[in-house]
Amino acid sequence: MLQSVVYRLFCMLKKAQLKPLSFFFILCVSSAVADVYGISENILDYINRNYGQDAKARLIDWRDLIQNEKYKSLPEPEKLKLVNDFFNQVRFVDDIEHWKKEDYWATPIEMLSTNGGDCEDFSIGKYFTLKALNVPIDRLKLTYVKSILLGQAHMVLAYYSSPGAEPLILDNLMDEIRPASVRTDLIPVYSFNGDGLWLSKERGEGKRVGKSSRLGLWNELSSRMKKEQNQK
């Protein structure tokens, strides 16, 4: 089984169930994630009542970012910086503290509403936001790495300007977007997006080994986002 192979390669990556949310929260808040990010006034009012004005303001800022045609027309390097800077303002919080789970992949709305997330949440938020800004997903890969400095598993978003190109790394640990060859503190393990799963070679794209749906947490996240779209 592919996931077992990945775990043997990198035993620090753990499988976990997602934290169940209230039905009303899923119905009224998270449905916007898959709905081309159309955050209604009712959703904003709900966020304001339950998470405060700052949470509402973050969602408005995100909605304005992904719906603004000016931003969609920017060159891709400018989109990368815009999105990286936007999400790196959110506070870092470990899953155990934030969600009471060892591993929880939050949707962008969950992350922004609660003003917190870990490296997976930062990378996922950036991935879906760049996708909304019309960056092709074949240029974006969520990449698990081992951080030498942290001594633990870490996730970043890699951007490939063309097939086989050296990727640029979007990382919550630093605001500057750097080429993978400069990030010698990161050892790539595997990467994935909505189209597939790759075992990584040294700072390159790596070998495709299947579909991303074979990763449990990604499959759960995708299923939840489909459910959110139907629960308007």
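The values are calculated or read from the model by the stated rules, or taken from the named source; none is laboratory data. Since the model is a prediction, treat every value here as computed from it, not as a measurement. Quick reminder, even Gly has a Cβ in these numbers, built from the backbone with ideal geometry, and neighbours come from all protein chains shown.
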What residue, of Ala165, Ala180, is over 23 Å from Leu59 (Cα atoms) and surrounded by 16 or more Cβ atoms within 10 Å (Cβ to Cβ)?
-> Ala180
Quick count over the range 178-192, residues being under 16 Å from the mean Cα position of the chain (by Cα) and not small (Gly, Ala, Ser), is 2
What do you reckon, is Lys81 out of contact with any Leu (no Cβ under 8 Å at 6 or more places or on another chain), at pLDDT 95 or above and under 18 Å from Leu168 (Cα atoms)?
-> yes
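Being free of Cβ contacts under 8 Å to residues at least 12 places away in the same chain and assigned to a helix (DSSP H, G or I) is the filter; apply it to the range 51-60 and report the residue that is nearest to Pro108 (Cα to Cα). Before you say what the answer is, go through the steps one by one.
Step one: of the range 51-60, the residues free of Cβ contacts under 8 Å to residues at least 12 places away in the same chain are 52-53, 57.
If we keep only those that are assigned to a helix (DSSP H, G or I) too, we end up with 53, 57.
Details: Gln53: 17, Ala57: 14 Å.
By that ranking, first place goes to Ala57.
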In the range 125-142, residues that are crowded, with 24+ Cβ neighbours inside 10 Å and out of contact with any Leu (no Cβ under 7 Å at 6 or more places or on another chain) total 2
What number of residues in the range 81-135 are among the small types (Gly, Ala, Ser), more than 22 Å from Gly194 (Cα to Cα) and in contact with a His (Cβ under 8 Å, 6 or more places away or on another chain)?
-> 1
All positions within the range 57-71 that are surrounded by 14 or more Cβ atoms within 10 Å (Cβ to Cβ) and closer than 13 Å to Asn134 by Cα = Leu65, Ile66, Gln67, Tyr71
